[in-house]
Amino acid sequence: ARNAAFDFSVKGPPRTAARVHEILENANNGKGWIDFIAKLSYDLYSQDSGGFFEIIRDGDGETAALIGINHLDASRCWHTGIPQEPVLYQDRLGRYHLMKWYQVQTIVELPVPHETLYGLQLSAVTRLLRACQIIKAVNQYKKYKEDGVVAIQGWGSGDTEALSKTTGDDKIPY
């Protein structure tokens with residue numbers, strides 16, 4: 001991911017900045033910043049649920065010291081819609097963990113504004129595939145027109161919407 005190539009610096013009081021820098025450099029159980037940000041970026045750009053990372057603390061509590069961060073596989077995370085426990089995570093052994101707000105962070109690029117779709121987004125991949133569907137529909141329509149097709153049935157609303165001006169001009173029923 002391109003984000004892994006960017007350099008970063010931490011600003012703040014010297015001891016705090018040094019500690020945060022160390023946490024970032026040792027992210028993902030010591031695999032490091034590049035591994036962490038590459039996985040988080042992959043999820044952010046390809047998953048409609050966005051990206052997730054675990055905040056590891058020295059004890060269970062919102063005031064416990066931050067000691068690390070780990071990427072969480074977006075395919076194993078679900079948004080709950082509960083502010084105090086925003087994510088349900090399934091570990092590799094199949095166990096479920098309801099994560100508290102101070103144990104997890106979510107990140108989305110283009111959030112869905114629908115209030116019942118808690119934390120979801122339209123990922124870059126989803127947006128790209130939707131655009132490809134429109135191009136495919138236009139090309140398919142042109143082919144049908146060349147072949148002399150006089151009626152089109154069963155297209156989805158996106159296809160119909162994309163072609164409404166063209167089909168209206170051609171006076172072909174659909």
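The values are calculated or read from the model by the stated rules, or taken from the named source; none is laboratory data. Here the structure is a predicted model, which is why all the values come from computation and not from measurement. Here Cβ is always computed from backbone atoms with ideal geometry, including for glycine, and neighbour counts include all displayed protein chains. Areas reflect the complete protein model, heavy atoms only, side chains present, ligands, DNA and RNA absent. Shrake-Rupley method; radii C 1.70, N 1.55, O 1.52, S 1.80 Å.
For this structure, a couple of remarks:
- Note, ³J(HN,Hα) from phi for the range 8-13, Karplus 6.51, -1.76, 1.60, rounded to Hz, x at Gly and Pro: 9, 9, 10, 10, x, x
- Under 5 Å between amide hydrogens, built in the peptide plane, is the criterion, and for ARG57 it picks out ILE67 among residues at least 5 positions away or on other chains.
- Kirkwood analysis of the Cα pair distances in the range 65-149 returns a hydrodynamic radius of 16.1 Å.
- Screening the chain for whole DSSP H helices with an alpha carbon extent of at least 15 angstrom along the helix axis and a mean Kyte-Doolittle hydropathy of at least 0.0 yields 33-46.
- Normalised contact order of the chain, rounded percent, pairs of Cα under 8 Å and 6 or more residues apart: 16
- Working ranking of peptides 28-40, 45-57 by packing, defined as the average number of other Cβ atoms within 10 Å per residue, highest first, is 45-57, 28-40.
- Prolate/oblate/rounded call for the range 21-77, Cα gyration tensor, a/c under 1.5 rounded: oblate
- With contributions of -39500 (n - 2.57) from each DSSP H run of at least four residues, the per-residue ellipticity at 222 nm computed over the chain stands at -12000 deg cm²/dmol.
- Close amide H partners of ALA27, meaning residues 5 or more places away or on another chain with modelled amide H under 5 Å apart, are GLY32, TRP33.
- Accessible area expressed per residue, the range 25-67, with surrounding protein chains retained (probe 1.4 Å, Å²): 53
- P(r) weight above 19 Å for the chain, C-alpha pairs, percent: 68
- Net charge in the neighbourhood of ASP48 (other residues with Cβ under 11 Å of its Cβ; Lys, Arg +1, Asp, Glu -1) is -1.
- Count of lysine pairs in the chain with Cα separation under 15 Å (8 or more residues apart, or interchain): 6
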